[in-house]
1. Of the numbered conditions (1) polar (S, T, N, Q); (2) assigned to a helix (DSSP H, G or I); (3) more than 29 Å from D21 (Cβ to Cβ); (4) in contact with a strand residue (DSSP E or B) (Cβ under 7 Å, 6 or more places away or on another chain), T172 fails exactly one; give the number of that condition.
2. Please find, among A167, A153, the residue that is buried (at least 19 other Cβ atoms within 10 Å of the Cβ), more than 15 Å from the chain's Cα centre (by Cα), touching a residue at least 60 places away in the same chain (Cβ under 8 Å) and under 23 Å from V102 (Cα atoms).
3. Quick check: is even one residue across region 251-258 at pLDDT 95 or above, assigned to a helix (DSSP H, G or I), surrounded by fewer than 19 Cβ atoms within 10 Å (Cβ to Cβ) and not charged (D, E, K, R)?
4. Within the bounds of region 167-184, is there any residue that is more than 30 Å from R62 (Cβ to Cβ) and of a type in the set (A, V, I, L, M, F, W, C)?
5. Go through R66, R62, R72 for me and flag whichever is surrounded by fewer than 22 Cβ atoms within 10 Å (Cβ to Cβ), among the basic types (K, R) and closer than 30 Å to Y240 by Cβ.
6. Criterion first (surrounded by 15 or more Cβ atoms within 10 Å (Cβ to Cβ) and either more than 22 Å from the chain's Cα centre (by Cα) or at pLDDT below 95 (or both)) does R128 satisfy it?
7. Can you report the number of residues in region 188-212 which are part of a loop (DSSP other than H, G, I, E, B) and more than 14 Å from the chain's Cα centre (by Cα)?
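The values are calculated or read from the model by the stated rules, or taken from the named source; none is laboratory data. For clarity, every value in this text was computed on a predicted model and none was experimentally measured. Neighbour counts run over all protein chains shown; Cβ positions are idealised from the backbone, glycine included.
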Amino acid sequence: MSRLLEVSGVVKRFGGLAALDGLELHVEEGEIVSVIGPNGAGKSTLFNVVTGLYPPDEGDVRFDGRSIVGLRPHQITKLGIARTFQTVHLFANMTVLENAMVGQHCRTRSGVFGAIVRPPSTRREEERIREVARRSLAFFGPRLAGYRQEQPAFVLSYANRRRLEIARALATEPRLILLDEPTAGMNPRETLEMRDHIVRMRDELGLTVVVIEHDMRVVKGVSDRVIACDYGRVIAQGTYEAVAHDPQVIEAYLGRRAVG
């Protein structure tokens, strides 16, 4: 496997606080990597730096061998990095299908002229976008199928809104997908279902996946490798068992009763 993502010596400060403090990590192509750590460890800040929402104060981020520091979020998305957020971000009054179609925005070529005149090339592009969106929604089976695709997003259950946000990320046609607490707020059955979806993203779609997750059952069930962070630095990495029993990780995050 080759390194798809490399984060080298990244520092990100907010005032006097270093949310990331010389962070070093990498992700191999085809891996599922879970990033764990207590609140404030810098996990979401890591995603925000990788996707261009925050510029690093120091260090470098490389995707497929290319530095992506200084690129805008839509440029990074176009290169093949998609992400979801800890809090679901959807267009509530747009339909489920339209929300998924938004993921193709970075891939469109028709500009204002095409939208007004609607030549055959624009109409073909719109149909291609719909097809990509439908395929992304179909990944979740009947959950987002049929009549649901014409419903506004605000009528969906919380779990289906989570699924829709991931479907929109899949519609960007990524190589790397970053999932920020994808099972947060889900019941046990929904959590297990999402765990299976994460594995399918790698096995069926060929994606590399990085997951921020607090549910250790999910981390254990999906991870090829686990990276534990605290105070913006990596404190342990390796298999789930190795990281879960690391003394620094137990002290920082898991607690002895949480290890299993």
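1. (2)
2. Exactly one of A167, A153 is buried (at least 19 other Cβ atoms within 10 Å of the Cβ), more than 15 Å from the chain's Cα centre (by Cα), touching a residue at least 60 places away in the same chain (Cβ under 8 Å) and under 23 Å from V102 (Cα atoms), namely A153.
3. The initial filter retains those residues of region 251-258 that are at pLDDT 95 or above, namely none.
No: zero hits.
4. Looking for residues that are more than 30 Å from R62 (Cβ to Cβ) and of a type in the set (A, V, I, L, M, F, W, C), one finds none in region 167-184, hence no.
5. Step by step, each of R66, R62, R72 is checked, and only R62 is surrounded by fewer than 22 Cβ atoms within 10 Å (Cβ to Cβ), among the basic types (K, R) and closer than 30 Å to Y240 by Cβ.
6. Numbers: surrounded by 15 or more Cβ atoms within 10 Å (Cβ to Cβ): no; either more than 22 Å from the chain's Cα centre (by Cα) or at pLDDT below 95 (or both): yes.
So R128 does not fit the description; no.
7. So the answer is 3.
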